[in-house]
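A.B. asks: This is the structure, below, for whatever I ask next.
The values are calculated or read from the model by the stated rules, or taken from the named source; none is laboratory data. The shown structure was predicted, so the numbers you read here are calculated from the model rather than taken from an experiment. Here the Cβ positions follow ideal geometry from the backbone for every residue, glycine too, while neighbour counts run over all protein chains shown.
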Amino acid sequence: MSFGSAVYIHDFNCFTALGEDAEANWASILAGNGGIKAHNIGFLSEVYASKIDFSTIAVDEASEETRLEYILSQVMAPILNNHKPSRRTALVLSSTKGNISYLESGKKKEAELYRLAKKLSVKAGIVTEPILVSHACVSGVLAISVAKRLIQMDQYDEAIVLAGDELSAFVLSGFQAFQAVSPFPCKPFDADRAGVSLGEAGACLFLSRDSSMFKILGEGAINDANHISGPSRTGEGLFRSVQAALEEANVEADAIEFIAAHGTATAYNDEMESIAFNRLGLSTVPLNSLKGYFGHTLGASGLLETVITLKSMQEGVLIPTLGFEKLGTSQPLNVVERITKKTVRRVLKTASGFGGSNAAILIEKTW
C-alpha cells in the first residue's frame, strides 16, 4: 500500500555512552569501542549496561531538566539549528518509560509521557501538539513510520522524530524478572548469547518531502498476536512487516542489500529473526545488530540504530556485530564480523518487541 508522496530523511543525530553526537559515535564504533560496562544502578550491582557518563559532561547545575530531558534536548539541538520549526512541523517522540525517575520522588503526574513530549515541544518552539509513540521496543522504528505517514497525508510538511529512554533500576529489575539480562556484555546472534544488556540514549531525525540523500521506500508493522512477551516461533509478524514494507516500495526482497536487525541477544528473539529472514530469502544478505555497542536502548533503539545505519550508508562501511563469534541460530545468517567497505543502496531496518510487536522500514540512498 502506498500512502502518498515520497518522504526523505535529511538530518540525524544521536547521544549515547559512546559520544554526544553522531560523528563521535561513528568514530568510537570504527575504533571498536563498546559502551557496555559493569555498573551499580540503584539497588542493583555489577550490571552490564550502557550508561552515559554525566561526570564528563558540562551540565548547567541550575537547570531543572531531568537526565532524560537533557539527553533529548542535546540530541535535538543541531537538528533545530538546521531546520527552524514552522507552523506545520510535527514532533514525534518515541519512548517506553519517559521521565520514570520522577516516580522515585513521588511526582507521578510529572512522569506521564505526554508531559515530557509537551515540555520538549515547547522548548523547541514547535507550536503543533506533540505526538507520542510508545509501543515497546519497536517504538523508534514505528515513530519514523508515523511521521512519514502524517507528512504523506498532508497533516504536516515536516517532522522531527525524537527518541529516548534512560537506565533505571525499575526497568532493569523488570528485565531481570524475565531472566532476560545477560551476566556479560550481550552477544547478538551468538551461540553463547545469554540475554540483553540494557542501555540509554537519545536519537533524532528530520523528515520532509524535499528530496535528500535518504528516501523512505516503505514500512510496515504487524503484530504476532502470539504471546505477551515471547515472539512468534515462526517469525510471522516480522515476516509480514517486511513484506508490507516491500509491497509499499514496489520491490522484491532481493533488492535488500543490508539488514540492520534488532538482535537483542535473547535466545528467542534472535532465533525468531533468523527464521523470518530465511522465510524472506534473506539468509545471505549482510546483517548486523548494534546492541553490542549501545545495549538495548528500548524506545530509542530503533531510531538510534537507524541513525548509525544511515551513517554506514553514507560512508560505505558495514559495521560488525560486536560480541558475535559463532552463529547460534537454527537458520543461517550472514552476520557482519568485521568492518567492511561496501556501498549499499537499499537497507532494511527491523525491530521487534514485547506484546508481539514488529516493525520494518526500507530506506534507499538516492545518490
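Yes/no per residue for (1) without any contact (Cβ under 8 Å) to a residue 12 or more places away in the chain; (2) more than 24 Å from Lys349 (Cβ to Cβ); (3) in contact with a Lys or Arg (Cβ under 8 Å, 6 or more places away or on another chain); (4) surrounded by fewer than 24 Cβ atoms within 10 Å (Cβ to Cβ):
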{"position": "Leu132", "(1), (2), (3), (4)": "no, no, no, yes"}
{"position": "Ser139", "(1), (2), (3), (4)": "no, no, no, no"}
{"position": "Ala147", "(1), (2), (3), (4)": "no, no, no, no"}
{"position": "Gln152", "(1), (2), (3), (4)": "no, no, no, yes"}
{"position": "Gly174", "(1), (2), (3), (4)": "yes, yes, no, yes"}
{"position": "Leu207", "(1), (2), (3), (4)": "no, no, yes, no"}
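A.B. asks: Go through the range 154-169 residue by residue and tally those that are out of contact with any His (no Cβ under 9 Å at 6 or more places or on another chain) and either modelled with pLDDT under 90 or in a loop (DSSP other than H, G, I, E, B) (or both).
C.D. replies: 6
A.B. asks: For residues that are aromatic (Phe, Trp, Tyr) and either closer than 26 Å to Glu65 by Cβ or surrounded by fewer than 21 Cβ atoms within 10 Å (Cβ to Cβ) (or both), tally how many sit in the range 154-172.
C.D. replies: First, the residues of the range 154-172 that are aromatic (Phe, Trp, Tyr): 156, 170.
If we keep only those that are either closer than 26 Å to Glu65 by Cβ or surrounded by fewer than 21 Cβ atoms within 10 Å (Cβ to Cβ) (or both) too, we end up with 170.
Selection size over the range 154-172: 1.
A.B. asks: Restricting attention to the range 287-298, does a residue exist that is more than 23 Å from Ala17 (Cβ to Cβ), buried (at least 16 other Cβ atoms within 10 Å of the Cβ) and in contact (Cβ under 8 Å) with a residue 12 or more places away in the chain?
C.D. replies: Initially, the range 287-298 is screened for residues more than 23 Å from Ala17 (Cβ to Cβ), giving 287.
Narrowing the set further to residues that are buried (at least 16 other Cβ atoms within 10 Å of the Cβ) leaves 287.
After this cut, where a residue has to be in contact (Cβ under 8 Å) with a residue 12 or more places away in the chain as well, the list is 287.
Yes, the range 287-298 contains at least one residue that is more than 23 Å from Ala17 (Cβ to Cβ), buried (at least 16 other Cβ atoms within 10 Å of the Cβ) and in contact (Cβ under 8 Å) with a residue 12 or more places away in the chain.
A.B. asks: Oh, and also: List every residue pair whose Cβ atoms lie under 6 Å apart, where the two residues are 6 or more positions apart in sequence or sit on different chains, the first residue falls within the range 339-364 and is outside any strand (DSSP E or B), and the second residue, located anywhere, is basic (Lys, Arg).
C.D. replies: Arg345/Lys365
A.B. asks: If you don't mind, there's one more thing I want to ask. Show me the strands (runs of 3 or more DSSP E) entirely contained within the range 1-119 in which 2 or more residues are hydroxyl-bearing (Ser, Thr, Tyr) and over 18 Å from the mean Cα position of the chain (by Cα).
C.D. replies: 44-50
A.B. asks: Got a sec? Which of Ile100, Ile36, Ile52 is more than 15 Å from Asp165 (Cα to Cα) and of a type outside the set (S, T, N, Q)? Explain how you work it out, then say what you get.
C.D. replies: On the way: Ile100 fails: more than 15 Å from Asp165 (Cα to Cα); Ile52 fails: more than 15 Å from Asp165 (Cα to Cα).
That would be Ile36, the only listed residue that is more than 15 Å from Asp165 (Cα to Cα) and of a type outside the set (S, T, N, Q).
A.B. asks: Being in a helix (DSSP H, G or I) and surrounded by fewer than 24 Cβ atoms within 10 Å (Cβ to Cβ) is the filter here; which residues of the range 241-273 pass it?
C.D. replies: Gln243, Ala244, Leu246, Glu247, Glu248, Ala249, Ala253, Asp254, Ala255, Ala267, Tyr268, Glu271
A.B. asks: Please go through the range 109-130 and pick out each residue that is free of Cβ contacts under 8 Å to residues at least 12 places away in the same chain and within 25 Å of Ala221 (Cβ to Cβ).
C.D. replies: Glu129
A.B. asks: Looking only at residues that are surrounded by fewer than 14 Cβ atoms within 10 Å (Cβ to Cβ) and among the hydroxyl-bearing types (Ser, Thr, Tyr) in the range 1-45, which one is nearest to Asn250 (Cα to Cα)?
C.D. replies: Ser2
A.B. asks: What number of residues within the range 200-248 satisfy the criterion of being under 15 Å from Ala359 (Cα atoms) and at pLDDT 95 or above?
C.D. replies: Number satisfying all stated conditions: 22.
A.B. asks: Regarding Lys349, is this residue within 25 Å of Val181 (Cα to Cα), of a type in the set (D, E, K, R) and touching a helix residue (DSSP H, G or I) at 6+ places or on another chain (Cβ under 7 Å)?
C.D. replies: yes
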